[in-house]
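For reference, the structure discussed in these notes is given below.
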Amino acid sequence: MITIEDARRIIAAGEARAKEIGVPANIAVLDAGAHMKAFVRMDGALLGSIDIAVSKARTAALFSMRTEAIGEFCKPGGTSFGLEQTNGGLVVFAGGIPLTDSSNIVIGAVGVSGGAVSQDREIAEAAAAAATTV
């Protein structure tokens, strides 16, 4: 289970990386049931990216996979073309990472949006790294 202290630590790590690379971001932490645990919209982060950050975390939590890995299934010719249209809409590009406990059980997910896809991935990876102590 992700505690509020865990969620705050995850968000703080993501915010720190976002500040280092100069990208105001939206960062969402969801629990294993894909319900909101914590969220931050950094000053200057795009309003349109709020839903994308939450949806990236939701996608990662629902499928226990990084969002960009799910995107591979959704490509034309992929094994699950159109998957992104399910579950009320999924986001299948980088920036969503499932969070696991020491037994490798998914306990939640983090989603980041606000920069280029590569920047979102970088921020999400920094945030997820803070969850390794969960």
Problem set entry | Output for the range 91-134, where each listed residue is open to solvent by 10 Å² or more (accessible area, probe 1.4 Å), touching a Leu at 6+ places or on another chain (Cβ under 8 Å) and either of a type outside the set (Val, Ile, Thr) or under 13 Å from residue 23 (Cα atoms) (or both) | 114, 128
For this session: Scan 67, 86 and give me the residue that is among the hydroxyl-bearing types (Ser, Thr, Tyr) and at pLDDT below 95.
Result: 86
Exercise. Does the range 7-20 contain any residue that is assigned to a loop (DSSP other than H, G, I, E, B) and under 14 Å from the mean Cα position of the chain (by Cα)?
Worked result: no
For this session: Tell me which of these residue 38 doesn't satisfy, since it passes every other one: (1) at negative phi; (2) in contact (Cβ under 8 Å) with a residue 40 or more places away in the chain.
Result: (2)
Exercise. Can you find a residue in the range 80-88 that is open to solvent by less than 20 Å² (accessible area, probe 1.4 Å) and among the aliphatic types (A, V, I, L, M)?
Worked result: no
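Where residues in the range 32-79 are of a type in the set (Asp, Glu) and farther than 14 Å from residue 121 by Cα, which of them is surrounded by the most Cβ atoms within 10 Å (Cβ to Cβ)?
Within the range 32-79, the match that is surrounded by the most Cβ atoms within 10 Å (Cβ to Cβ) is 51.
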For this session: Please tell me if residue 38 is closer than 17 Å to residue 101 by Cα and not basic (Lys, Arg).
Result: no
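The values are calculated or read from the model by the stated rules, or taken from the named source; none is laboratory data. What you are looking at is a predicted structure, and each value in this text was computed from that prediction instead of being measured. With ideal geometry, Cβ positions are generated from the backbone for all residues, glycine too; neighbour counts draw on all protein chains shown. Accessible surface areas use protein heavy atoms only, side chains included; no ligands, DNA or RNA. Shrake-Rupley method; radii C 1.70, N 1.55, O 1.52, S 1.80 Å.
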